[in-house]
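One structure is given here, and the rest of the page talks about it.
The values are calculated or read from the model by the stated rules, or taken from the named source; none is laboratory data. Keep in mind that what you see is a predicted model, and the values were worked out from it rather than measured. Here Cβ is always computed from backbone atoms with ideal geometry, including for glycine, and neighbour counts include all displayed protein chains. SASA here: full protein model, heavy atoms, side chains in, ligands and nucleic acids out. Shrake-Rupley method; radii C 1.70, N 1.55, O 1.52, S 1.80 Å.
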Amino acid sequence: MAAAAAVTLVALTGCAQPGAPAAAPAGVDAATLLSTVLDQVYGTPQQRQAGQERMWLTMQSAIAACALAKGVVYGVTPYQPMRPPTEPAPGDLLGFAPQRADFGVAARIEMLARRGETPNPGLPAAADAQGGWFTTVESCQGAATAGERLSVPDGQEELEAKLVDLLGQVQQQVAPDLPGQYANCMKTAGIDAGDLSEAYMKVEQKFPPVSFESPSDPTALPEWADAVAFEKKVAAADWACRESRVGEVIEAAAADLQQFTTTNATRLTQVADGWNAMPGLAQTLRVTIKTTTAK
C-alpha cells in the first residue's frame, strides 16, 4: 500500500511528508475524540428527534395561522417520527461511517405502514366538493418555510460542512484507493454499489411498494422476507468491504480533529448547547400548541 509506505517513511525519518496527516498526539484516542465531536455536531438521537419535532410543529403552526386568517381551520397534528434513530455518518464517508446491522429501511417502512396517515383535525367531515379547504391549505404551504431550518441549532450546518470537509481530506490522504476497493468488493458480494448512498438505494429498491394511507402490516407481503434479508446482506457486505481500512483512517484524523476542536471551540460549544436545549424547545412548542388548541 502506497499510503502505508508513506506513513512508515515518516516514522523512520521523523520528517512529515507533504500533505500527510499529522501524527496523533500522545494519549489521544482517535475513536473517542471522533465520537465526542460527532455528538457535539450532530447531537444525540433524542436531540435530533426533538429537532425534527420542533421543525414540524413550527411549520404546521404557520400553516394553521395562515389558513385561519383565510377562514379555514387547519389542525396541528402531533409530531410522529418518520424514521427510526440512526447513527450519523458524516458525508457518508466510507472511513467514518458506523457499522450497521441494517440501514433502517425495513424498520421505517413497517413503522409508517402500521401507523398509517393521521387525518388532519380540520379536514371537513364530508367531501369538499368546492375544494376550498384543500386550496386554502395548499396556498399556505409557503408560510412553513421559516421553520424548515429549525431541526438543527444555529450554525450546525456550517460546522458540519467544515467537519465533513476535514474528514474527507483525511480519507483522501490516507486511503485514496478506498472508494475503488469498496466498489469492487461490493460487486464481488453481488451488490452493485460504489458508495453508501448507492448501497442504501439498492436496499430501498428491493422493498415492495407500500401504501401508508391506512394502517397495514407490510411484513405479510410475499416479497418482504427477501427484502429484509437483502438489507442485512448489504449491511454486512458494506462493513466487510471497509472494516479493514476504517481504523487507519480514524487514527489518521486524530490530530486534525483535535485542531478542529480548538479552532472551532466557540462554535462547537454553541451548537452543542443548542442541541442540549432542543428537547426543551420542542416541549414548549408542544404545550403551547396544545393550550392554544384547547381554547
Highest average packing first - 222-228, 190-196, 49-55, 106-112, Cβ atoms within 10 Å
49-55, 106-112, 190-196, 222-228
7 Å from Cα along Cα→Cβ at both Thr284 and Ala107: what's the point-to-point distance in nm?
3.1
Rg in Å to one decimal, and Dmax rounded to a whole Å, for region 140-295 via C-alpha atoms
21.7, 63
Work out the length of the dipole vector of the chain about its Cα centre, built from +1 on the beta-carbon of each Lys and Arg and -1 on the beta-carbon of each Asp and Glu, and round it to the nearest 20 debye.
720
I need the Debye-formula profile for the chain: one equal scatterer per C-alpha, no solvent, reported as log10 I(q)/I(0) at q = 0.06, 0.07, 0.10, 0.11 1/Å, two decimals.
-0.28, -0.38, -0.73, -0.85
Pick from Gly274, Gly104, Gly142: which residue has the top mean-square fluctuation in a GNM of the chain where Cα pairs under 10 Å get a spring?
Gly142
Over the chain, the sum of -39500 (n - 2.57) across DSSP H runs of at least four, divided by residue number and rounded to 500 deg cm²/dmol, gives at 222 nm -19500 deg cm²/dmol
Using Cα atoms only, what is the angle between the long axis of helix 156-174 and the major principal axis of the chain, expressed in degrees (0 to 90) to the nearest 10?
30
By how many degrees, 0 to 90 and rounded to 10, does the Cα axis of helix 196-206 deviate from the longest principal axis of the chain?
50
For the chain, report the accessible area per residue in Å² (1.4 Å probe, heavy atoms, rounded to an integer).
54
Can you give me the % of accessible surface on the chain that is carbon or sulfur? Probe 1.4 Å, all protein chains present, nothing else counted.
57
Non-local Lys pairs in the chain, i.e. 8 or more apart or on different chains, that have alpha carbons under 24 Å apart:
10
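On alpha-carbon atoms, Rg over Rh for region 93-169 using Kirkwood Rh?
Rg divided by Rh gives 1.16.
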Measuring from centroid to centroid over Cα atoms, what is the spacing of region 175-246 and region 62-88 in Å?
32
Provide the net charge surrounding Ala193, with neighbours chosen by a C-beta distance below 13 Å and charges set as Lys +1, Arg +1, Asp -1, Glu -1.
-2
